[in-house]
1. Might you let me know whether the range B:166-186 holds any residue that is touching a Cys at 6+ places or on another chain (Cβ under 6 Å), open to solvent by 20 Å² or more (accessible area, probe 1.4 Å) and at pLDDT 85 or above?
2. Determine if the range B:93-116 includes at least one residue that is in contact (Cβ under 8 Å) with a residue 12 or more places away in the chain, among the aromatic types (Phe, Trp, Tyr) and not in a helix (DSSP H, G or I).
3. Quick check: is even one residue across the range B:17-25 touching a Lys or Arg at 6+ places or on another chain (Cβ under 7 Å), over 16 Å from A:Val35 (Cβ atoms), modelled with pLDDT of 90 or more and within 12 Å of chain A (Cβ to nearest Cβ)?
4. Which residue pairs have Cβ atoms closer than 8 Å, lie 6 or more positions apart in sequence or on different chains, and pair a first residue in the range B:48-61 that is more than 7 Å from chain A (Cβ to nearest Cβ) with a second residue that is in a helix (DSSP H, G or I) and surrounded by 18 or more Cβ atoms within 10 Å (Cβ to Cβ)?
5. Return a yes/no flag: does the range B:154-164 have any residue that is modelled with pLDDT of 90 or more, within 21 Å of the chain's Cα centre (by Cα), part of a helix (DSSP H, G or I) and among the aliphatic types (A, V, I, L, M).
6. Show the residue pairs that are 6+ apart or on different chains and have beta-carbon atoms under 8 Å apart, the first residue being within the range B:13-31 and on the phi > 0 side of the Ramachandran plot, the second being surrounded by 14 or more Cβ atoms within 10 Å (Cβ to Cβ).
Amino acid sequence: MITNDNKGDAILSGFQDDELSVFEMLDHILAKGVVISGEITISVADIDLVYLGVNVLAGSIDTIQQILQARDAGK
Amino acid sequence: MSLYVYCVTDEPDSDTPLPPGLQERMPRIVSEGLLNAAVSDFDGKDLTPAKENIFAHERVIEAFMDRSTPLPFRFGTVVAEATLREFLDKSAPVLLADLEKVRGCVEMGVKVMFAAPAETGAYRSGTEFLKAKRRLQDFQRETAGWVEAGMEGLIRLTEVSFVPISTKNIVTIAHLVLRDHLNEYKSHIEALVLERTDCAFLRSGPWPPYSFITTPRLG
């Protein structure tokens, strides 16, 4: 199942598998796929989904950055 | 009652049971012409991108991935059945062409992260902006080029995008990989990681072909 398979398949170490799966999944399902115009029905406390998607993506990049910085510091 | 839409395929309906979808509803098939859409009944008008909903969406689509390569709908597609049928009817030529394009493939994602800062900041002229855009596109192509080198015969298509952030450059690459060559593809990326120590990699997948949908948005 998607919660415990190797979806993240992380070559970059330091992620929790399920955390990585969620980040990568959001990256795919929020912005891509077949769309029937005007028929997307999502609400998050009145925040536009596109705005939320960008924040979520930025969040995942921040996590990646932290791991890279920790790796660099360890060299 | 509305329908939540997961994916569409041109494969015949199967007796294989599907996992529960959103709101714990069992998916079923709506057929229109040559197309079969996986849907489940949906109550209400609000849908949050919570973890359980996201996993339910992906779980149903991936059940189809075990049989064929469907076209995934974007998360949060809720429609009346008549609207879905009209969409499938009007979009059939494009959807069928997309299904042919992705047949026998899965999507794999590769993020390549560079230590060098991304080029950001205000541009003093339109020419300066366009030159910067050209450099960015060249950088994307160059990155995709060396990632793909030696993978002839393993991938059918590539999509590249660039995420500029303050301290790192990240190029996001989606590959449409032939299922029969998935292990070779993974080995290739693993070898690349050992070879290119100047950047970091994040490989993910296999995914439904989210990045390779060219379906027009019909109202």
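The values are calculated or read from the model by the stated rules, or taken from the named source; none is laboratory data. Owing to the predicted nature of the structure, the values given are computational and were not obtained by experimental measurement. Glycine also receives a Cβ, built like all others from the backbone with ideal geometry; neighbour counts cover every protein chain displayed. Ligands, DNA and RNA are excluded from the accessible area calculation, which covers all protein heavy atoms including side chains. Shrake-Rupley method; radii C 1.70, N 1.55, O 1.52, S 1.80 Å.
1. Taking every residue of the range B:166-186 in turn, at least one turns out to be touching a Cys at 6+ places or on another chain (Cβ under 6 Å), open to solvent by 20 Å² or more (accessible area, probe 1.4 Å) and at pLDDT 85 or above.
2. Taking every residue of the range B:93-116 in turn, at least one turns out to be in contact (Cβ under 8 Å) with a residue 12 or more places away in the chain, among the aromatic types (Phe, Trp, Tyr) and not in a helix (DSSP H, G or I).
3. yes
4. If the second residue must be in a helix (DSSP H, G or I) and surrounded by 18 or more Cβ atoms within 10 Å (Cβ to Cβ), the pairs left are B:Asn53/B:Leu22; B:Ala56/B:Leu22.
5. no
6. B:Gln23/B:Tyr4; B:Gln23/B:Ser40; B:Gln23/B:Asp41; B:Gln23/B:Phe42
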